[in-house]
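The structure under discussion appears below in the form of structure tokens.
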Amino acid sequence: MRCHGHGWVRSPFVKPHRIRPVATIAILLLALVAVLPATPAGAAAAGPVRNGASQPVYSYADAIRETVWVDTGLDGNRDGRHDRVAADIIRPSEPAKAGTRIPAIMDASPYYACCGRGNESQVKTYDAQGHPVQFPLFYDNYFVPRGYAVVLVDLAGTNRSDGCVDVGGPSDVTSAKAVIDWLNGRATGYSTRSGSGKVSPTWSNGSVGMIGKSWDGTVANGVAATGVAGLKTIVPISAISSWYDYYRSQGAPLYSGTPADLAAEVEDPGDAATCGAEQKALAAGSPADGDWSALWQQRDYVLSAAKVKASVFVVHGMQDLNVRDINFGQWWNALAGTRVDRKIWLSQTGHVDPFDYRRGPWVDTLHQWFDHYLMGVDNGIQKQPVADIERAPDHWTTEASWPAPGTARTAVHLSPGVLGGSSNSGKVSFTDDPSKDENAWAAEAGQATAEKTAFTTGPLSRDLHLSGSGSLTLTVSSSTSSAHLSAVLVDLGPATVRDYLADGEGITTLTTRSCWGDSTAGDSACFLDTAADTMKVNATVFSRGWADLGHYAGLDHTVRLTPNRPYTMTLQLAPSDHVIPAGHRLALIVAGTDDGLINPPSTRPKLTVDLARSSLTLPLVGGSGLFEVDRAS
């Protein structure tokens, strides 16, 4: 299993700026320091702002690099004392000398020692005295010279932190939240892991922005869902919003194993020896039958979305088969009920950071986002289009809101072989074949095969835009006592897309480098460049849904199916934003096991679908004049 690469198989997560000479920075500082006022705790610092943006006027080479161990109030390893988590901090030295407090950008991760961060799998490094030297990713190189602190937190049980890994639970969330509390004067920090030498964040103004990809972004979601004061914004990239929906899909198992296996991958060996009880709890609380347990409920941040006070900038790949798209969709929808500012980027990639597929615009947009929400800069970022969507490799469009304006949930009729007829009618059958996957189904969408059933339109007379989430209600009987269902939406027609199934999941890494901020000998701001990795296809799967029919009545309890008895279940189709060009066809394919994406059931059933008692609802922009439709409520 991989815990950090681009690959999705059986694992989570897992316009260059010149380096500014220190001498030049020093000259600029002489003028700047004299006019910067002290800022009270909790207020946004004025910062080195000119022309609507923070400027790189502070010395990266002379920045303060330190580690603070923060008391979490937890005792995960049950050794009788509170766990302390390590927060490695880099901050410009000049603001503190001038009495100016600054905001912090924070990335809390389990990966700083075991697996690394970013396309180059960077880990934290330290000098002989244990002082931090390399801070992974570009955040420190770019933002520290602009007046930000960057705080990289080892989650409890990882790297130099105490405690036990609990995979998205109270330990993960509390260990990160505690650092925000410390930055706001509500928690205790120490200069050593043993708890000697209290440290106060006299340099912090209390404003924090959390960012991170995968597990890191997941923790940002979890901390935001506590409503913690001081957290002003989060930027979750390819992040989980409910751990149940990482491991299961409506009862169907997406991965073998349990969260205990993942904890074992990242846990520091010194902590792992005392964390056996937590490991057993993780395994016991995540039943293989797909039932919704107390462990999953505790790790569902969507349930607490109403507590979120921070603005949210969601970034996700629409072909992410690691952290699947339901995670961003349900989080986005839940946040719509709050009053927080939201922004979203949706790419054609898999589990990839935007720094590696849209680097220049990403850095510029993130810069504006943090300047606005952490420094209070009136740069208009909150008034820009809400959504950026990648329509083709490196071709982006924007939408004023998301789902796109004018989207209507539209009922589309199903009859044997036909999508969009005048009524739902007839029956279809197929036999589960766990050796076949969605791409094999799509390649044979126009052919009758035993393992799937396909419904297709004729060639479209105009572009058809789907934006958001659809659903498919099926009335199904199984020949055996267990059955899984898969449904995919397919754009049938030639296209060039990112190769999300390759190792890079839509990107290829080049040998050249570009620099994004300032460097030192131990921490370079220069990263390997990337380019789109593309492939030509004749069919594109763009939305998916999976379910265990034994959970037709709900997730709390699975039932053993009575053979040949009909059951009705609604599959939630993953959110997407896709335009099917005129001349292409839209297909819905329904089958059993989607090989490589869900595990098969214990039997190999023949499934019969009663279409008269089934229905498909799609998020069509403007509805559709191509189908005879009923408006869904």
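Among the residues making up the stretch 305-353, those that are open to solvent by 20 Å² or more (accessible area, probe 1.4 Å), assigned to a loop (DSSP other than H, G, I, E, B) and among the hydrophobic types (A, V, I, L, M, F, W, C) are Ala336, Val340. Residues that are open to solvent by less than 50 Å² (accessible area, probe 1.4 Å), in a strand (DSSP E or B), modelled with pLDDT of 95 or more and closer than 30 Å to Arg359 by Cβ: does the stretch 588-600 have at least one? No; the residues of the stretch 588-600 include none that is open to solvent by less than 50 Å² (accessible area, probe 1.4 Å), in a strand (DSSP E or B), modelled with pLDDT of 95 or more and closer than 30 Å to Arg359 by Cβ. Within the stretch 127-162, the residues that satisfy the criterion of being more than 25 Å from the chain's Cα centre (by Cα) and either part of a strand (DSSP E or B) or under 17 Å from Leu262 (Cα atoms) (or both) are Pro132, Val133. Filtering the stretch 277-290 to residues that are of a type outside the set (S, T, N, Q), open to solvent by less than 20 Å² (accessible area, probe 1.4 Å) and under 20 Å from Asp548 (Cα atoms) leaves Gly285, Gly290.
Residue by residue, here is whether (1) open to solvent by less than 10 Å² (accessible area, probe 1.4 Å); (2) at positive phi holds:
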| residue | (1), (2) |
| --- | --- |
| Arg186 | no, no |
| Met210 | yes, no |
| Ser214 | yes, yes |
| Ser241 | yes, no |
| Pro253 | no, no |
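Of everything in the stretch 59-88 that is out of contact with any strand residue (DSSP E or B) (no Cβ under 7 Å at 6 or more places or on another chain) and closer than 17 Å to Val199 by Cα, the residue that is most open to solvent (accessible area, probe 1.4 Å) is Gly73.
Within the set Ile389, Ile381, the sole residue that is among the aliphatic types (A, V, I, L, M), modelled with pLDDT of 95 or more and out of contact with any strand residue (DSSP E or B) (no Cβ under 7 Å at 6 or more places or on another chain) turns out to be Ile381. Residue under question is Val144, and the condition is that it be under 30 Å from Ala283 (Cα atoms), buried (at least 19 other Cβ atoms within 10 Å of the Cβ) and of a type in the set (A, V, I, L, M); does it hold? No, not satisfied. If you go through the stretch 274-304 and keep only what is closer than 30 Å to Phe370 by Cα and in a loop (DSSP other than H, G, I, E, B), you end up with just Arg299. Taking the criterion of being surrounded by fewer than 17 Cβ atoms within 10 Å (Cβ to Cβ) and of a type in the set (A, V, I, L, M, F, W, C), the only residue of the stretch 397-407 that qualifies is Ala400.
Can you find even one residue in the stretch 281-301 that is at pLDDT below 95, farther than 22 Å from Tyr357 by Cα and of a type in the set (Lys, Arg)? No, every residue in the stretch 281-301 fails to be at pLDDT below 95, farther than 22 Å from Tyr357 by Cα and of a type in the set (Lys, Arg).
Of all residues in the stretch 272-288, none that is over 12 Å from Gly76 (Cα atoms) and among the acidic types (Asp, Glu) has its Cβ atom under 9 Å from the Cβ atom of a residue that is part of a helix (DSSP H, G or I) and open to solvent by 70 Å² or more (accessible area, probe 1.4 Å), 6 or more apart or on another chain. For the subset of the stretch 574-587 comprising residues that are of a type in the set (A, V, I, L, M, F, W, C) and not in a strand (DSSP E or B), which member is surrounded by the fewest Cβ atoms within 10 Å (Cβ to Cβ)? If we take residues in the stretch 574-587 being of a type in the set (A, V, I, L, M, F, W, C) and not in a strand (DSSP E or B), then Ala582 is surrounded by the fewest Cβ atoms within 10 Å (Cβ to Cβ).
Filtered by the rule that a residue be among the β-branched types (Val, Ile, Thr) and either out of contact with any strand residue (DSSP E or B) (no Cβ under 9 Å at 6 or more places or on another chain) or farther than 13 Å from Val315 by Cα (or both), the stretch 340-362 gives a lone residue, Val340. Considered as a group, the residues in the stretch 89-126 that are buried (at least 20 other Cβ atoms within 10 Å of the Cβ) and among the β-branched types (Val, Ile, Thr) include one that is nearest to the chain's Cα centre (by Cα), and that residue is Ile105. Residue pairs whose Cβ atoms lie under 6 Å apart, separated by 6 or more positions or on different chains, with the first residue in the stretch 142-165 and under 14 Å from Asp62 (Cα atoms) and the second modelled with pLDDT under 95, are Gly147/Gly47; Gly147/Pro48. May I ask you to say which residue of Asp154, Asp166 is touching a strand residue (DSSP E or B) at 6+ places or on another chain (Cβ under 7 Å) and open to solvent by less than 30 Å² (accessible area, probe 1.4 Å)? Just one listed residue meets the conditions, Asp154. When restricted to residues that are closer than 19 Å to Ala225 by Cα, in contact with a strand residue (DSSP E or B) (Cβ under 9 Å, 6 or more places away or on another chain) and of a type in the set (D, E, K, R), the stretch 269-324 contains 3. Phe135 falls short on exactly one of the conditions (1) open to solvent by less than 10 Å² (accessible area, probe 1.4 Å); (2) over 23 Å from Gly222 (Cβ atoms); (3) among the hydrophobic types (A, V, I, L, M, F, W, C), and that condition is (2).
Looking at Thr218, Thr258, which is the one that is under 21 Å from the mean Cα position of the chain (by Cα) and open to solvent by less than 10 Å² (accessible area, probe 1.4 Å)?
Thr218
When the stretch 377-392 is limited to residues that are over 20 Å from the mean Cα position of the chain (by Cα) and of a type outside the set (A, V, I, L, M), the one that is surrounded by the most Cβ atoms within 10 Å (Cβ to Cβ) turns out to be Asn379.
The values are calculated or read from the model by the stated rules, or taken from the named source; none is laboratory data. Computed from a prediction, not measured in an experiment: that's the story for all the values here. Cβ: placed from backbone, ideal geometry, glycine included. Neighbour counts: every protein chain shown. Only protein heavy atoms, including side chains, enter the accessible area calculation; ligands, DNA and RNA are left aside. Shrake-Rupley method; radii C 1.70, N 1.55, O 1.52, S 1.80 Å.
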